[in-house]
Amino acid sequence: MSGARTGRAGETLPVVNPATGELITTVPAVGADGVAVAAERALRIFETGIWSGRSPRERAAVLLRLAELMERDAEILARLDSEDAGKPITECRTGDVPGAIESIRWFAEAADKVFGRIAPTGGESLGLVSREPVGVAAAILPWNYPLAMAAWKVGPALAAGNSLLLKPAEATPRSTFHLAVLAAEAGLPDGVLTVLPGHGSVTGQALARDPLVRALSFTGSTATGRRILAATAETNFKRVSLEMGGKSPQVLLPDALDYGDELIENMIEAAFLTMGQNCTAGSRVLVHRDIADEVVDRFTRAAEALVIGDPAQPETRIGPLIDHTARNRVASAVESARSAGARIHTGGLPADLHPQGAYYPPTVVTAAPADSAAVTRELFGPVVTVQTFTTEHEAIRLANATEYGLAASVWTRDLDTALRMARGIEAGVVSVNAYSEGDITTPFGGWKQSGFGGAEKSTDAFQQWTREKTVWIRTR
Ligand code: ADP
């Protein structure tokens, strides 16, 4: 076995800027032994009560300070994610970082508002039902929204009183490190939050298999989610929550063009935010036949107008993909659709903006066969397929013709139609006349092979990070 697989002491991971291929830094790759040591330490810290035993209000105060420090360092955090992931800096400044701050603050404020219940028993007993922290919890993070996904997990996990082990994706560890540094500055006791960088197959697997870890929250691909669930089933049945892939439809009814430029702008954001490397990307446009030509035309022109280039420049909307493997995967799916008769309206070939940069332009595809990879697989790139329908029934059938069920959007002025579509589409979130995942108050979780084991955001998120206990008291 190579060092990379066993995670030998002293091994490191390169962090490479996907826009230039330049080595930014290297970070240690924690091996299975390191995970075990960290989990034991996290359990000891939990048992001291230094964090878990504090009142929720006291924990909230520390997390609110963390949110303030994130605000102070917002520009640093934005740059770290932009450089590590190739995300446009404007996206990080206006989306990821404010969103991350909001979730830390929201879960801090929620910490002392999660009530237990008293069961409706008879007069001779009292059933107290409370939510307790799990003890040692872990989170495995993706590279597309490194800080934002860390915050979705750190907020509720720490507000609930757990000790948390956080594994950033190989490519994007630096904002997670910075978040942990800020947490320490905010007064989080040492050892409550531990960052464990490393390979998914080593560090991630060790977390999934660790007997002391009682809850694991994962965001990433469906294939990796499956491996994690199998590992937890083979070991200690830890509580698992999986946020995985998607192939989300944007459904445009005949009156959708009433929304004009707003429609097109939303479609562009849905399709190309983070270069389409977004689990909720609206990568399948389903449009009524009567308006298909005009929609394709306007959407294509808007896609061509997106500024592609250096992610550090504020006007850039499209940066590189995360690496060349990703670009090759996207390119080959588009090529095979093309050779099967699809028409490429814009994009469709890798862009050579930088010899080492993994650039691929926004791509609009029509007439791709329904069984082609471009239509059925999550490409995780800036590629949108367009399919047409004539009836609502057909639209719902197309929308649901996927193993995924994360998000969807429906555009129509007619409320009854919108509600019929929203009811019929199998997805965790259906937005009407918008492209949206909701906000921090609404739960986020996928259906079908997009999600498993509980939502993130909203007070529902606490279910991932707590377990319920009944105390049954006999009264006399
Ligand atoms: P991608 O394929 O786009 O890199 P992944 O779902 O593999 O996405 O990665 C998301 C996270 O899951 C990363 O932190 C990665 O290191 C981790 N990971 C990858 N493979 C495994 C695995 N076998 N077990 C646990 N975690 C893993």
Residue check for Met267: on the phi > 0 side of the Ramachandran plot and either part of a helix (DSSP H, G or I) or open to solvent by less than 10 Å² (accessible area, probe 1.4 Å) (or both): no
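Pick from segment 280-327 the residues that are part of a loop (DSSP other than H, G, I, E, B) and of a type in the set (Val, Ile, Thr): which of them is farthest from the ligand (Cβ to nearest atom)?
First, pick out the residues of segment 280-327 that are part of a loop (DSSP other than H, G, I, E, B): 280-283, 305-307, 309-317, 319-323.
From what's left, of a type in the set (Val, Ile, Thr): 280, 307, 316, 322.
On the way: Thr280: 15, Val307: 25, Thr316: 22, Ile322: 7 Å.
Looking at the filtered set, the residue picked out is Val307.
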Criterion: within 30 Å of Thr90 (Cβ to Cβ) and charged (D, E, K, R) - qualifying residue of Asp255, Asp293, Asp210, Asp297: Asp297
Lone unmet requirement of (1) assigned to a helix (DSSP H, G or I); (2) open to solvent by less than 10 Å² (accessible area, probe 1.4 Å); (3) of a type in the set (Gly, Ala, Ser) for Ala169: (1)
Output for segment 211-237, where each listed residue is closer than 26 Å to Leu66 by Cα and either among the basic types (Lys, Arg) or open to solvent by 30 Å² or more (accessible area, probe 1.4 Å) (or both): Arg214
Qualifying positions in segment 13-49 - assigned to a loop (DSSP other than H, G, I, E, B) and either open to solvent by 40 Å² or more (accessible area, probe 1.4 Å) or touching a residue at least 24 places away in the same chain (Cβ under 8 Å) (or both): Asn17, Pro18, Ala19, Thr20, Gly21, Glu22, Ala29, Val30, Gly31
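Given the options Leu419, Leu398, Leu415, name the one that is within 16 Å of Arg284 (Cβ to Cβ) and not assigned by TED's automatic domain parsing to the domain that holds Lys238.
Residue meeting the stated conditions: Leu398.
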Which numbered condition Arg343 fails, given (1) farther than 28 Å from Val410 by Cβ; (2) open to solvent by 10 Å² or more (accessible area, probe 1.4 Å): (1)
Residue within segment 239-250 that is in the same structural domain as Glu170 (by TED's automatic domain parsing) and farther than 24 Å from Ile425 by Cα present: yes
Residue list for segment 237-279, filter: farther than 23 Å from Phe389 by Cβ and within 15 Å of the ligand (Cβ to nearest atom): Lys238, Val240, Ser241, Leu242, Glu243, Met244, Gly245, Thr274, Met275, Gln277, Asn278, Cys279
Tally of residues being in contact (Cβ under 8 Å) with a residue 60 or more places away in the chain, open to solvent by 20 Å² or more (accessible area, probe 1.4 Å) and away from the ligand (no atom under 12 Å from the Cβ) across segment 189-210: 2
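The values are calculated or read from the model by the stated rules, or taken from the named source; none is laboratory data. All figures in this text were calculated on a predicted structure; none of them were measured in a lab. In this analysis, Cβ positions are derived from the backbone assuming ideal geometry, glycine residues included, and neighbour counts consider all displayed protein chains. These accessible areas exclude ligands, DNA and RNA; they are computed on the full protein's heavy atoms, side chains included. Shrake-Rupley method; radii C 1.70, N 1.55, O 1.52, S 1.80 Å.
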